[in-house]
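See below for the structure under consideration.
Nothing in this text is a laboratory measurement; each read-out follows from the coordinates by a stated rule. Quick caveat, the model's predicted, so the values are computed rather than measured. Methodologically, a virtual Cβ is constructed for each residue, glycine included, from the backbone with ideal geometry; neighbour enumeration extends over all protein chains shown.
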Amino acid sequence: MKKIKVILISVLMALFMAGCSSGTSAEFFESGSQISGKTEQSDSGMEVHFIDVGQGDATLIKAGDHAMLIDAGDNSEGTAVQSYLNSQGIEKLDYVIGTHPDADHIGGLDVVVYKFDCKKVFMPDVTSDTKTYDDVMQALKSKNQKAQAPKPGETYTLGDASFTVIAPVKGYGDETNNWSIGMVLQYGENRFLFTGDAEKEAEEDMLAKGEDISADVYKASHHGSKTGSCDVFLDKVHPTYAVISCGEGNKYGHPSAQTLTNFRSRGIKTFRTDNQGTIVAYSDGKNITWNASPDTTWTPGEPKGSSSNWNSSSKNISKRKSGDSSKNTSKTQVSYVINEDTGKFHLPSCRFVKQMNEENRITSSKSRNALIKEGYEACKVCKP
């Protein structure tokens, strides 16, 4: 359905532009024959492809003969990202950035490292004990490469474009989202801001650092979660456009109603990969045009299908089976506190429990192994 809508828009815009005698272009247009195919822009200019990888992030940036990739989706998306890059004629990548060690950002990165000539690989100075992280490290090792941790203030060139690193400005312990590499991409007068999954604390630290974070296009932090895109940060960015990368019917309810309200109240034109598929922006250095019109539904994410079942069952996770209280009354019943937004579980005494939003908090009496089997991750601070 997404592709049919895009094709219809493409045909209508083509007819419209064919009837125009002037050289002006429409603000929103189909940049290629199909959204997953190679775009047909001229060699000059810069393209930013927000690739639809479901509940995850992957962004391809092309500037002339140069290209870079920011994240590569979840583990299951590596081959899909590879295919997309192939469709764009990519053989080498000047830069590959894994914003932070979460699987929905670096899961497909090992495939990219194996299949493409990656000149430089950037990752933050934080490790993870997950297999996903180890897979990326093994892929780099096979190419005799190591990931570098860029520092705020460093600027790198990408053809006629450039990007400046703005985060992370400090260490964040176990909070991997806040370790996200943030950067401002600039081509001519146009600016794009990427902050990975940075949450409010990291956003405030970026502001305190005094970096210029103003941008025409804001890649919404943390898939449009309410944990990021805080008011003061959003006001400083002051974007014309925002792009939200998230999966249809994801179990987290991304994007949040709060984030969408903040965008809409500020008049920010918003694109969503869950509703529209891959989004492509084209910059000539002054103007930015798109392969689709902004999404106008303003509907927050709601878990669907199996995800809905996950949501309802998880909210009842704290209910004990009848008769449990009569067993082993001499033993202490260990309970855990789950953060539904981050997917991590903690001891009730953990400092991060106090920082949780009430609506994201779930108490569970299930065992540690049972929670891990269900896909939750143990907090590395309190070590439940």
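Numbers below:
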{"read-out": "Cβ-based charge dipole, segment 331-378, positive-most Cα from N369, Q355, N339", "value": "N369"}
{"read-out": "Karplus (6.51, -1.76, 1.60) ³J(HN,Hα), θ = phi - 60°, over segment 241-252, in Hz, Gly and Pro reported as x", "value": "10, 9, 10, 10, 9, 7, x, 4, x, 4, 6, 8"}
{"read-out": "Rounded to whole Hz, the Karplus (6.51, -1.76, 1.60) HN-Hα couplings of segment 91-108, x for glycine and proline", "value": "10, 9, 10, 4, 9, 10, 10, x, 4, 6, x, 5, 4, 6, 10, 10, x, x"}
{"read-out": "Net charge dipole size for segment 331-378 [Lys, Arg +1 and Asp, Glu -1 on Cβ; Debye, nearest 20]", "value": "320"}
{"read-out": "Convex hull volume per residue in cubic angstrom - Cα atoms of segment 331-378", "value": "70"}
{"read-out": "Residues E175, E91, E199 arranged by fewest to most Cβ contacts within 10 Å", "value": "E91, E175, E199"}
{"read-out": "For segment 2-290, convex hull of alpha carbons as volume per residue, Å³", "value": "122"}
{"read-out": "Residue exposure sequence - M137, M123 - by fewest surrounding Cβ within 10 Å", "value": "M137, M123"}
{"read-out": "Out-of-range pairs (alpha-carbon distance over 24 Å; input K131/K219; K170/K354; K170/K200; K92/K286; K120/K344; K115/K141)", "value": "K131/K219; K92/K286; K120/K344"}
{"read-out": "Placed amide H near L93: partners under 5 Å, 5+ positions off or other chain", "value": "D117, C118, K119"}
{"read-out": "Rounded Å value of the spacing that divides the Cα centres of segment 344-384 and segment 237-273", "value": "27"}
